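Have a look at the structure below, then the notes.
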Amino acid sequence: MNITSRFKQPASLSGSILLSHPSLQDPNFCRSIVFLSNHSDEDGTLGVILNRPLGKKLIQLDDQFKHFALGQAEVYDGGPVEREKLIIAAWDWRDTSDSFRLYFGIDINKAESLRKENENIHIACFLGHSGWSPGQLEDELKLDSWVVSNLNLDLFEQMNDKAKCWKSAISGISDEMKLLADAPEKPWRN
């Protein structure tokens, strides 16, 4: 059964969430949630994995961040591409749990400025990113490697719990997905 075909997909997936299908075994994306910051036919797709905290703060990566208040920002594994590159993102939720303003790929000074303007803004740092060449993600969607979902506040509030965040999000898609998500990650070890 093609899960993704049940949902009408927009022309651009920018601002969407990708949930890895429970059967996806690629270690780079197994049980992952990817926020898509950019998607186009010409440039392909760029995003970051939301549910892979590294258990480190920005200041632990480099002493240069000790002079910034944001040195305590959480750092996540953003994906398998350019793992040495740091991406800073900031967001604040609007009036509803599915509407927010995003600042993606900003520098530390912009992040500091945003925090001074709004102490409730959330800031996270990602090492690396996830990327697909033009048409590649669409091919993976046809193979049911991913389920497209909408943004919601719950995902962002659970980012630090890799397994719980993914399982909660994918289980909300359908009863079939809940059943697949509840299966052991490596059933042959049981």
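The values are calculated or read from the model by the stated rules, or taken from the named source; none is laboratory data. Fair warning: this is a prediction, and the values are worked out from it, not measured in the lab. Every residue, glycine as well, gets a Cβ built from its backbone with ideal geometry; the counts of neighbours run over all protein chains shown. SASA here: full protein model, heavy atoms, side chains in, ligands and nucleic acids out. Shrake-Rupley method; radii C 1.70, N 1.55, O 1.52, S 1.80 Å.
Oblate is the label for segment 51-147. Its Cα gyration tensor axes, ordered a ≥ b ≥ c, give a/c of at least 1.5 and b/c at or above a/b.
Assuming charge only on the beta carbon of Lys and Arg (+1) and of Asp and Glu (-1), the dipole of segment 7-125 about its Cα centre is about 300 debye to the nearest 20. Rounded to the nearest 10 square angstrom, D77 shows an accessible area of 30 square angstrom against a 1.4 Å probe. Which of the aspartates and glutamates could a cross-linker bridge to K57, judged by Cα under 14 Å and excluding same-chain residues fewer than eight apart? Leaving aside aspartates and glutamates fewer than 8 places away in the same chain, those within reach of K57 are E74, D77.
For R83, the amide hydrogen comes within under 5 Å of no other amide hydrogen, counting only partners 5 or more places away or on other chains and with H modelled in the peptide plane. Set the Förster distance to 45 Å, then compute FRET efficiency between D175 and E119 from the Cβ-Cβ distance, nearest 0.05. That pair, D175 with E119, gives E of 0.65. Under the simplified labelling scheme, the E84-S12 pair shows an inter-label distance of 3.2 nm, with each label point 7 Å from Cα along Cα→Cβ. Of all aspartates and glutamates in the structure, those lying under 16 Å Cα to Cα from K178, and not within fewer than 8 positions of it along the same chain, are D144. DSSP beta bridges confined to segment 71-135 are antiparallel in about 75 percent of cases. With both labels modelled 7 Å from their Cα along Cα-to-Cβ, the D43 to K142 distance reads 2.5 nm.
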